[in-house]
Amino acid sequence: CTCACSRSSPQQQQESRRRKRDTTTTSTSTAKSTTTLRPLAAQISCLSRADGSSKFTSGSTTVLAATFGPASPKIPSRERPDCATISVIFKHDTTTNSNSNSNSNANGNGRAVCAYGATEREIERFIADALVACVAVEQYPRTVIEVVLQVIAVDGSLISTALNAATLALLDAGVEMNSLPVGTTCLVKMNGSTNVNVDANIIKFDPSADDEASQDCSVIVLATDSARDGVIASMTFGPFQLDSFLSCIEGASRASKAVLAFMRIAVEQKVTREAKTLWSV
């Protein structure tokens, strides 16, 4: 009687094999889409003349950020009566230490090409749009918040590193924010397959300059919102499929949580250090 109860019917065995096959297929399709990030480092309040500053490092890519304001605009036309204006200045010297020559050169018009073919003005617009979506600009009418970004070293994922440096600088300046924008760079490998599901599986997050130097890949830079857990800005370079883009959004959401946890630790260490210095006097 016991043996009869433990024995499965042919239909149950077939259903069990089908579920096992589906589980195996699912795990294989997501195995290549990992959110492994390079080591992160940050230094807050590293500039004395800025209202807020930070130096953010991802792998070997380092960006220095300084925030000035909110302050009255020097140009009256930039003043908005109902909210603040966020101005981003991105400085990328072509002599900056770089491990890849493909991300830093100049185009035919003499304008600096900083990353994946994007110019400084395009990067400034992307970062400004991401910051405007998260900063409480309505709390600072008729003012300008200026963010200056200086590239120190480049080894891939430049735009996302610059955005994260700007976020830490605004936190250091005490600017009121509704949420935190976090940048993530996604590298989509193009394998030439006609299968729409294959391309979405080959995704690398936080790529280095050697990874970005490959000719058969596309780059997607996403800015995610820490509060609403969604994409607030994006830059894309090269062709990709919809499944790849959706996979990048899902992976960037997971990666942003790790970056946010790191930012929290960096700010806590800075506050603790300042508190010890204050009470030791």
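In table form, for the structure just shown:
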quantity	calculated
By average C-beta atoms within 10 angstrom, highest first, the peptides 156-163, 84-91, 171-178	156-163, 84-91, 171-178
Solvent-accessible area per residue for region 121-196 (1.4 angstrom probe, square angstrom)	33 Å²
Region 121-255: mean projected area of Cα convex hull, nm²	8.7 nm²
Cys83 long-range amide H proximity, modeled H, under 5 Å	Arg142
Sequence ranges 122-129, 229-236, 47-54, 209-216, ranked by mean other-Cβ count within 10 angstrom, highest first	122-129, 47-54, 229-236, 209-216
Apportionment of accessible area to carbon and sulfur, region 131-183, percent (1.4 Å)	48 percent
Above-threshold pairs, the threshold being 29 Å between Cα atoms, out of Lys74/Lys270; Lys74/Lys276; Lys55/Lys204; Lys55/Lys276; Lys74/Lys257; Lys91/Lys270	Lys74/Lys270; Lys74/Lys276; Lys74/Lys257
Loop-resident sites, region 228-258, for trypsin sites (Lys or Arg not before Pro), counting at most 13 other Cβ within 10 Å (DSSP)	Arg228
Integer Hz, Karplus 6.51/-1.76/1.60 couplings in order for region 162-178, x for Gly and Pro	5, 5, 5, 5, 5, 4, 5, 5, 5, 4, 5, 7, x, 6, 5, 9, 6
Accessible surface of region 36-84, 1.4 Å probe, proportion on carbon and sulfur as whole %	51 percent
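The values are calculated or read from the model by the stated rules, or taken from the named source; none is laboratory data. Note that the structure is predicted; figures quoted are calculated from it, not measured. As a convention, Cβ positions derive from the backbone with ideal geometry for all residues, glycine included, and neighbour counts pool all protein chains shown. We work out accessible area using only protein heavy atoms, side chains counted, and drop any ligands, DNA or RNA first. Shrake-Rupley method; radii C 1.70, N 1.55, O 1.52, S 1.80 Å.
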